[in-house]
Amino acid sequence: MKTKGECAQERYPNETYDAALPQSWLDYCFTNGFDPRPHFVWLYDSLMGRPAPITEEGDRISSLLGENV
């Protein structure tokens with residue numbers, strides 16, 4: 001089984017990311033019935049960063065949450 005860091009490096013090589021996710025975004029996901037913690041990193045490809053899926057389940061959650069991801 002790959003680590004979260006290994007999955008992130010495969011999807012976003014040479015990008016800056018953080019495995020910690022903002023609590024407000026986590027709360028939003030939990031309220032909508034999702035636990036994104038093992039499936040996302042916070043990717044800093046812009047000033048504020050964004051949630052970035054690192055697994056197939058993360059891709060699925062992203063598609064279900066739509067533009068709020």
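For residue 10, the conditions (1) assigned to a helix (DSSP H, G or I); (2) within 12 Å of the chain's Cα centre (by Cα); (3) at pLDDT 95 or above; (4) not aliphatic (A, V, I, L, M) are fulfilled apart from (2).
In segment 13-60, what count of residues is obtained for those that are touching a His at 6+ places or on another chain (Cβ under 8 Å) and in a loop (DSSP other than H, G, I, E, B)?
The first filter runs over segment 13-60 and keeps only residues touching a His at 6+ places or on another chain (Cβ under 8 Å), leaving 53-55, 57-58.
Okay, now just the ones that are also in a loop (DSSP other than H, G, I, E, B), so 54-55.
Here the count works out to 2.
The number of residues in segment 12-62 being of a type in the set (Gly, Ala, Ser) and closer than 23 Å to residue 2 by Cα comes to 5.
The values are calculated or read from the model by the stated rules, or taken from the named source; none is laboratory data. Everything quoted here is computed from the prediction, not taken from an experiment. With ideal geometry, Cβ positions are generated from the backbone for all residues, glycine too; neighbour counts draw on all protein chains shown.
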